[in-house]
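The values are calculated or read from the model by the stated rules, or taken from the named source; none is laboratory data. Keep in mind that what you see is a predicted model, and the values were worked out from it rather than measured. Every residue, glycine among them, receives a Cβ derived from its backbone with ideal geometry; neighbour counts consider all protein chains shown. Side chains included, ligands, DNA and RNA excluded: accessible areas come from the protein's heavy atoms. Shrake-Rupley method; radii C 1.70, N 1.55, O 1.52, S 1.80 Å.
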Amino acid sequence: MARITASVYTSHVPAIGAALDLGKTGEPYWRKVFAGYEFSKAWLRDNTPDVIFLVYNDHATAFSLEMIPTFAIGCAAEFQPADEGWGPRPVPVVKGHPELAAHIAQSVIQDDFDLCIVNKMAVDHGLTVPLSLMCGQPQAWPCPVIPFAVNVVQYPVPSGRRCFNLGRAIRKAVESYDRPLKVQIWGTGGMSHQLQGPRAGLINREFDNTFLDRLIADPADLANMPHIDYVREAGSEGIELVMWLIARGAMSGEFDKRAPRVAHRFYHVPASNTAVGHLILENT
Amino acid sequence: MAKIVGGINVTHVPYIGRAIANNLQQDPYWKPFFDGFPPVRQWLAKVKPDIAVVIYNDHGLNFFLDKMPTFAIGAAAEYNNADEGWGIPTLPPYQGDVDFSWHMIDSLIEEEFDMVTCQEMLVDHAFTIPLELFWPGQHPCPVRTVPICVNTVQFPLPKPARCFKFGQAIGRAIESWDSDARVVVIGTGGLSHQLDGQRAGFINKEFDLMFMEKLISDPLWVTRYSIPDLVELTGTQGVELINWLTARGALLGEVAKVHANYHVPISNTASGLLCMESV
Amino acid sequence: MNTGRQKRVIPGTTIFDGDVARKGYALNKMCFSFNSAENRAAYLEDKEAYCDKYGLNEQQKKAALSLQVLDMLAAGGNAYYLAKLGGIFGLDMQDVGAQQTGMTKEAFKAKLVEAGK
Amino acid sequence: MALDKPYQDVPGTTIFDAEQSRLGYHLNQFCMSLMKAENRARFKADERAYLDEWPMSEEQKQAVLARDLNWCIRLGGNIYFLAKIGATDGKSFQQMAGSMTGMTEEEYRDMMIAGGRSIEGNRVVGEDGNAQAHRQPQGKAGRKEAN
């Protein structure tokens with residue numbers, strides 16, 4: 001049987017991708033950001049999974065306002081890095097895992113989650129920047145990736161509770177897959193940031209760190225936090241943090257009351273407009 | 001608050017569009033089918049809906065297999081019909097109700113239905129033909145519309161119990177809208193038919209009639225069946241009857257039959273018509 | 001390979017699931033393009049070139065060019081999409097049904113009428 | 001709308017809800033078209049002519065031509081879509097975000113390095129934080145424009 005071995009949480013700032021792609025990682029400004037991922041790169045080399053289930057949000061790339069899905073699962077064999085307006089990032093093509101993706105879609109839709117099934121799409125920085133942070137600049141990504149896009153752009157967006165329960169359904173789906181795959185689930189986006197209006201640049205360290213504490217220790221309670229608290233406390237784009245609850249919901253700790261092991265925790269302000277948060281949790 | 005005046009479930013087949021275009025309503029092949037509609041038109045004239053919420057499935061006009069939603073809803077001011085490739089006449093645009101659509105979206109996502117929202121949407125024969133049958137020759141159509149698409153094409157499909165709950169949430173969304181609008185809920189598709197494979201032409205009259213009866217008296221009856229069960233019992237395209245179940249769910253509570261008709265065949269399809277009213 | 005999925009087997013019936021949808025993507029995409037009259041005309045002008053433009057594999061191409069519905073289904077086609085290809089040649093769903101069941105159209109229609117009795 | 005909009009009392013913040021999405025539909029679709037290199041080239045060659053190909057309001061076109069992102073957002077623009085204009089101009093998200101505060105690029109960058117904008121006084125409309133309406137514009141860039 002397949003199982004979820006670990007979950008990874010990280011911000012997905014486009015400027016981080018640009019810094020990597022333009023060879024600026026050695027600059028003092030960026031060195032501090034990338035230092036937080038040195039451990040993670042080594043960890044991922046030692047703990048390379050068979051598949052990564054990567055939860056992210058599309059930033060007006062694959063989905064236009066013509067059609068916005070709440071949850072979309074990528075079932076294709078590969079996904080091209082998108083041209084978001086700067087030209088495509090010079091990163092490897094993302095290989096999918098159609099069999100596991102289709103299995104998860106089947107199971108999760110049976111569990112009353114109304115996914116949009118995607119057989120073709122381009123993936124933007126929301127997906128490729130976390131891969132770059134965790135893998136550096138390889139010729140090919142270390143394993144297949146199942147992209148899972150969440151609408152956090154056009155309201156109404158799904159609630160934290162809905163996301164957390166979705167994570168649980170994903171765990172159940174993975175565990176019912178009849179091959180011994182090691183699967184990691186990544187939740188990306190956040191932490192506090194606001195990109196728009198006179199409040200642009202908002203950062204809330206206290207909120208972010210409390211969020212990390214509660215995500216580790218009591219995610220079911222954290223999942224009850226209403227949207228307005230994210231927006232007010234963590235900025236209009238801080239709402240992306242609901243995606244971390246999907247990854248956390250897929251971990252076992254919540255069920256057997258055994259908290260997952262914190263392999264790594266990192267927090268840094270700023271990368272561009274954003275507070276960078278990063279966690280690695282292992283199922284014990 | 002908006003009021004649900006009742007619901008109508010009906011089969012959709014592109015072929016019907018051609019029969020209408022060629023005035024074949026009295027042709028012996030078509031008569032038993034078209035004769036089902038006058039009582040429904042009389043009922044509509046009596047209950048006078050302002051808005052039709054139309055629950056159907058797209059057949060490769062608006063959605064392609066690149067991105068296939070389980071549940072999608074329109075939020076446009078106008079919905080265009082377009083060439084579907086099989087030579088039926090294209091009908092003029094249908095008026096939407098953007099405020100109402102967004103109210104429904106808010107309410108449905110609040111109730112944990114993971115909608116795909118569409119601010120542009122082409123509507124195909126599964127949407128246009130039923131409206132043409134209910135309001136023949138009336139262009140523009142006399143009601144405003146909200147199209148809701150259920151995936152019946154690419155598996156996995158939403159299971160019947162989920163569709164019924166989705167319908168109930170649609171009903172609550174309608175009834176919580178701060179408006180004096182009168183709303184009719186329309187479900188289209190089915191009944192038993194199969195277009196593909198060596199089993200093409202499959203019809204299950206016994207099941208269809210039972211389904212129509214149970215939809216009135218015990219709509220949860222059909223939720224005992226899984227989607228593969230329904231494929232087996234009603235054919236690969238017969239599963240479209242989940243659109244009927246969704247529409248029935250939206251009527252919230254007990255209903256009485258206003259009118260029903262059942263006739264085999266229209267093209268490859270067992271055609272059904274069921275008009276219901278809350279009691 | 002065991003994918004952990006239980007698939008129902010129904011005789012003479014293909015369930016259009018993710019495996020089939022991926023296999024048939026190019027074929028169905030080509031059929032989707034037939035929503036436009038211009039594309040239908042382009043297909044009739046040079047069928048092979050049109051198939052190549054949409055990246056059909058040999059199996060799909062052969063099935064599409066021969067208009068053999070069962071072969072197209074085996075190559076991943078979906079009935080709703082294939083109907084758009086059939087439409088170019090004036091084939092209705094009863095022609096398609098008759099072809100798949102190996103019956104004459106008249107016999108196929110009679111079978112349907114019988115089913116309603 | 002039957003549902004509450006509790007987010008309207010957050011200062012300096014516009015939530016991209018249904019009304020905004022409707023209002024900004026064509027503006028945002030125009031932005032998405034800039035994901036193609038050939039469209040970026042056509043836009044740059046003649047901005048006005050390219051904008052005229054879209055059913056946007058005149059005011060939306062003016063807001064784009066002025067590169068006034070706050071104005072664009074008032075007219076229904078969403079930052080992720082508007083970012084395609086910035087990308088076309090070779091601007092980073094930080095430059096775009098900073099441009100909405102009235103700060104110079106340096107002022108904004110320095111604020112971020114110093115830990116970002118404080119939440120204190122910026123939670124609810126009517127407090128006294130630097131994102132509140134009565135404290136705009138916030139920096140030299142805005143003051144220069146005001147003069």
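Taken over region A:63-91, residues that are part of a loop (DSSP other than H, G, I, E, B), touching an Asp or Glu at 6+ places or on another chain (Cβ under 7 Å) and open to solvent by less than 40 Å² (accessible area, probe 1.4 Å) amount to 4. Residue-level analysis places D:Arg123 among those that are farther than 26 Å from D:Arg48 by Cβ and in contact (Cβ under 8 Å) with a residue 12 or more places away in the chain. Residues that are basic (Lys, Arg), surrounded by 22 or more Cβ atoms within 10 Å (Cβ to Cβ) and farther than 21 Å from B:Asp83 by Cβ do not occur anywhere in region B:188-199.
Residues checked against (1) in contact with a Pro (Cβ under 8 Å, 6 or more places away or on another chain); (2) surrounded by fewer than 23 Cβ atoms within 10 Å (Cβ to Cβ); (3) within 15 Å of B:Ile55 (Cβ to Cβ):
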residue	(1), (2), (3)
B:Leu108	no, no, yes
B:Asp114	yes, no, no
B:Glu120	no, yes, no
B:Pro158	no, no, yes
B:Phe166	yes, no, yes
B:Ile174	no, no, yes
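Of all residues in region A:123-140, none are under 18 Å from the mean Cα position of the chain (by Cα), at the interface with chain B (Cβ under 10 Å from one of its Cβ atoms) and assigned to a loop (DSSP other than H, G, I, E, B). Kindly indicate whether A:Ala105 is more than 30 Å from B:Ala76 (Cβ to Cβ), touching a Cys at 6+ places or on another chain (Cβ under 8 Å) and modelled with pLDDT of 95 or more. The answer is no for A:Ala105. Note on region B:16-126: enclosed strands (runs of 3 or more DSSP E) holding 1 or more residues that are free of Cβ contacts under 8 Å to residues at least 40 places away in the same chain, more than 14 Å from chain C (Cβ to nearest Cβ) and under 19 Å from B:Ile186 (Cβ atoms) are B:78-81. When residues in region D:80-115 are screened for being in contact with a Pro (Cβ under 7 Å, 6 or more places away or on another chain) and either at negative phi or assigned to a helix (DSSP H, G or I) (or both), 5 of them pass.
The residue that is farthest from the other protein chains (Cβ to nearest Cβ), counting only those in region A:197-212 that are over 20 Å from A:Gly187 (Cα atoms) and without any contact (Cβ under 8 Å) to a residue 60 or more places away in the chain, is A:Glu206. In region B:231-257, the residue that is most open to solvent (accessible area, probe 1.4 Å) out of those that are farther than 21 Å from B:Ile8 by Cβ and in contact with a helix residue (DSSP H, G or I) (Cβ under 8 Å, 6 or more places away or on another chain) is B:Leu233.
Taken together, the residues in region C:87-114 that are in contact with a strand residue (DSSP E or B) (Cβ under 8 Å, 6 or more places away or on another chain) and surrounded by fewer than 18 Cβ atoms within 10 Å (Cβ to Cβ) amount to 1. None of D:Arg67, D:Arg48, D:Arg22, D:Arg42 is assigned to a loop (DSSP other than H, G, I, E, B) and either open to solvent by 60 Å² or more (accessible area, probe 1.4 Å) or without any contact (Cβ under 8 Å) to a residue 12 or more places away in the chain (or both) except D:Arg67. The one condition from (1) open to solvent by 10 Å² or more (accessible area, probe 1.4 Å); (2) more than 29 Å from A:Thr48 (Cα to Cα); (3) not acidic (Asp, Glu) that A:Phe266 does not meet is (2).
Checked against (1) under 25 Å from A:Ile73 (Cα atoms); (2) open to solvent by less than 10 Å² (accessible area, probe 1.4 Å); (3) touching an Asp or Glu at 6+ places or on another chain (Cβ under 9 Å), B:Met104 passes all but a single condition, namely (3). If the condition is being without any contact (Cβ under 8 Å) to a residue 60 or more places away in the chain and either in contact with a Pro (Cβ under 7 Å, 6 or more places away or on another chain) or on the phi > 0 side of the Ramachandran plot (or both), then region A:142-160 contributes no residue at all. Checked against (1) within 20 Å of B:His12 (Cα to Cα); (2) within 13 Å of another protein chain (Cβ to nearest Cβ), B:Arg248 passes all but a single condition, namely (2). Of all residues in region D:70-113, exactly one satisfies the criterion of being more than 8 Å from chain A (Cβ to nearest Cβ), buried (at least 22 other Cβ atoms within 10 Å of the Cβ) and over 23 Å from D:Met56 (Cβ atoms), namely D:Met103.
Annotation: of all residues in region A:27-82 being under 19 Å from A:Lys120 (Cβ atoms) and without any contact (Cβ under 8 Å) to a residue 24 or more places away in the chain, the one that is farthest from the other protein chains (Cβ to nearest Cβ) is A:Glu78. In region C:9-65, the residue that is nearest to B:Leu122 (Cα to Cα) out of those that are within 14 Å of another protein chain (Cβ to nearest Cβ) and of a type in the set (Lys, Arg) is C:Lys29.
Would you point out the residue of region A:170-192, among those that are open to solvent by 10 Å² or more (accessible area, probe 1.4 Å) and either more than 8 Å from every other protein chain (Cβ to nearest Cβ) or part of a helix (DSSP H, G or I) (or both), that is farthest from D:Ala83 (Cα to Cα)? The residue in question is A:Pro180. Going through (1) open to solvent by 20 Å² or more (accessible area, probe 1.4 Å); (2) closer than 26 Å to C:Leu85 by Cα; (3) in contact with a Phe, Trp or Tyr (Cβ under 8 Å, 6 or more places away or on another chain); (4) not polar (S, T, N, Q) one by one, B:Arg41 falls short only on (2). Is at least one residue of region A:93-114 away from every other protein chain (no Cβ under 14 Å), open to solvent by 10 Å² or more (accessible area, probe 1.4 Å) and β-branched (Val, Ile, Thr)? Yes - at least one qualifying residue is present in region A:93-114. For region B:49-58, check the following and say yes or no: at least one residue is open to solvent by 10 Å² or more (accessible area, probe 1.4 Å) and in contact with a Lys or Arg (Cβ under 7 Å, 6 or more places away or on another chain). Yes: region B:49-58 contains one or more residues that are open to solvent by 10 Å² or more (accessible area, probe 1.4 Å) and in contact with a Lys or Arg (Cβ under 7 Å, 6 or more places away or on another chain). Considering (1) within 8 Å of another protein chain (Cβ to nearest Cβ); (2) open to solvent by 20 Å² or more (accessible area, probe 1.4 Å); (3) part of a helix (DSSP H, G or I), the lone condition that D:Met35 does not fulfil carries the number (3). Of the helices (runs of 4 or more DSSP H) lying entirely inside region B:189-279, those containing at least 1 residues that are closer than 25 Å to B:Phe71 by Cα and basic (Lys, Arg) are B:205-217, B:241-250.
I'd like to know if region C:87-104 contains one or more residues that are more than 16 Å from the chain's Cα centre (by Cα), modelled with pLDDT of 90 or more and more than 25 Å from B:Asn57 (Cβ to Cβ). Within region C:87-104, one or more residues are more than 16 Å from the chain's Cα centre (by Cα), modelled with pLDDT of 90 or more and more than 25 Å from B:Asn57 (Cβ to Cβ).
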